[in-house]
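Scroll down for the structure; my scribbles are underneath it.
No value in this document is a laboratory result; all are computed from the given coordinates. Worth saying up front: this structure is predicted, and the values here are computed from it rather than measured. Every residue, glycine as well, gets a Cβ built from its backbone with ideal geometry; the counts of neighbours run over all protein chains shown.
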Amino acid sequence: MTMHSNGAERAVVEWLAGQEQAMLKLLETLVNTDSGSHDKAGVDAVGAHIRGFLDSHGIASEVTPDATYGDAIAATVGRGGNRPILLMGHRDTVFPKGEPARRPFRIEGGRAYGPGVADMKAGLVMNCFVLAALGKFGGANSPVTALFTGDEEIGSPFSRTVIERHARAARAVFNSEPGRARGAAVTGRKGGVFMRFDITGKAAHSGANFEVGISAINELAHKILALNALCDLSCGITLNVGVVAGGQTVNTIAPFARGEVDLRFVTPADRAATMAKVEAIMATAYVPGTETRLEITGEFLPLVETAEGKALYEHYAAGLREQGHETKALFTGGCADSGFAAATGTPTICGVGPVGGRAHSPDEYLEVDTLVPRAQALALAVLRLR
C-alpha cells in the first residue's frame, strides 16, 4: 500500500501507536540473547531474530558475512530516484557470556532492564518497526535502508567499511543509539583511539643484582604520567590509562610491562597532534635500556558538528516536538558508528533511539514510554525529507 505523504504520515504514526507491546516482545527476545562483541554466534542469533521479524513483514534482508565478528545485515523498503536514507544500529553488547541468564529482561516502574536494553537493542527494535511501518504504508521520497551491524563496541573492525559504503551512498543518516535525558539527541561525538603499549626491560634479582636490572614497570610509571600530562580538558582531549600489567615476581626487576590507553578528541586535527605526542612518549626511554612497542587496537572517528548535521537534527526534532515531547541537541564524549558515517560527508545525527541511561552497567535502563514516540519521530523525519 502506498499513500500520499500526509495520509502515509497519519497511517504510520497511528500504526506505531499500537505497537508498544509488540516492540517490548521483540526487545525481550533480543535482550535475552547473548551478544557480546566477541560472541559471533550470539550476535548472529540476534541478527536472526531481526531477520525473522523483517521477513514476517515481507521485508527482504541481505547479509554481508564475516568469519570473526557478527555479520552485517541490511534491509531496504521503498524505491525512487533519490539516494537512500540510512538507519543504523549495532547488535553487540559489552557484557560477558551468560549475562542475560543472570539478569534477564524485566520491566519495573516504567523502566526496562537487562544487558544492552538501551545500548542499543531498543534502537534496533525501533528501526525494525519504523522500517515495517514504511514498508506497509510508503510515503517516503527515498528508499530507506536499515543497517544492523555487530561489532560497534570494539570499534567496528569489520563493519566500518560496510557502514562507510552505505553512508557514502545515502542522503542522510540516523543512528539509533539511545536518546538521552530530557529527550536529547546527539549532534556531536568525540572520536577515540584505543591503544596498547608493551615495554621490555631486563630481569635481575632485586636484592643480589639490583643494578643489573632494567625496570619495565618504572618505565611504565613515567609513561603514564607523561600521557596524563597531554590531557587538555578545555579542548576535550583526554587520555586514560585504564589497564596496566607487568612484572614477574616481587623480588625480580620487572622485565616487561604493558598499558592500555583510551584517547578521546573532538577534531581530526586534535587527534593528529596528540598522537604525534603519544608516539614521542613511546619513543622516549625514560629508563635507559627499555624498549616500547605501541599498537592501535581500535578507533572511532568523531561525529563532527556541522551545519548540515544540525539542520538534520532540527528536521528530526520538529516531529518530536509536534507530538509534545521535549528534545535538545547534545554533544557527548562517547564514541559511536555515527562518526564513520559522518566522515563520508553525509549529514548524520545520533542518539535518536528510545531514551535510556547507565549503559555498560548492571543498572542500564530504558524508559519504556519513549519507545513509540521516538519511533514516530524518526518515521516522520524520514517521511518529511524532501
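Assorted remarks:
- Cross-link reach is defined here as a Cα-Cα straight distance under 19 Å, omitting same-chain residues fewer than 8 places apart; for residue 202 the lysines meeting it are 223.
- Peptides 121-133, 169-181, 44-56 ranked from most to least packed, by the mean per-residue count of other Cβ atoms within 10 Å: 121-133, 169-181, 44-56.
- Positive-end extreme of charge dipole, the chain - chosen from 179, 335, 274 (charges on Cβ): 179
- Between the stretch 98-171 and the stretch 198-273, the Cα center-to-center distance that results, in Å: 37
- Relative contact order (%) - the chain, alpha-carbon pairs under 8 angstrom, separation at least six: 23
- Sequence ranges 377-385, 88-96, 206-214, ranked by mean other-Cβ count within 10 angstrom, highest first: 88-96, 377-385, 206-214
- Here the stretch 241-386 yields Rg over Rh of 1.14, to two decimals, using C-alpha coordinates and the Kirkwood radius.
- Projecting label points 7 angstrom from Cα along Cα→Cβ for residue 296 and residue 202 puts them 3.4 nm apart.
- The stretch 28-143: C-alpha pair distances exceeding 22 Å, %: 37
- From the C-alpha gyration tensor of the stretch 191-300, square roots of 5λ in Å: 30, 12, 11
- Spin-label model, residue 79 to residue 212: label points 7 Å out along the Cα-to-beta-carbon direction sit 8.0 nm apart.
- Pair residue 243, residue 32: separation of 7 Å Cα→Cβ label points (nm): 3.2
- For residue 190, the aspartates and glutamates whose Cα comes closer than 16 Å to its Cα, not counting residues fewer than 8 places off in the same chain, are 152, 153, 177, 232, 262, 270, 299, 305, 337.
- Kyte-Doolittle at least 0.0, axis length at least 15 Å by Cα - qualifying DSSP helices, the chain: 5-17, 20-31, 40-56, 122-137, 216-228, 268-283, 371-384
- You can think of it this way: the chain between residue 106 and residue 169 has 18.8 nm of extra reach, that is 0.36 nm per residue less the Cα-Cα gap.
- Note on the chain: the alpha carbon radius of gyration divided by the globular reference 2.2 N^0.38 Å gives 1.10.
- Cross-link pairs beyond the 20 Å C-alpha cut-off, checked among 25/328; 40/136; 40/121: 25/328; 40/136
- Added length on full extension, which subtracts the Cα-Cα distance from 0.36 nm per residue, residue 384 to residue 55: 115.8 nm
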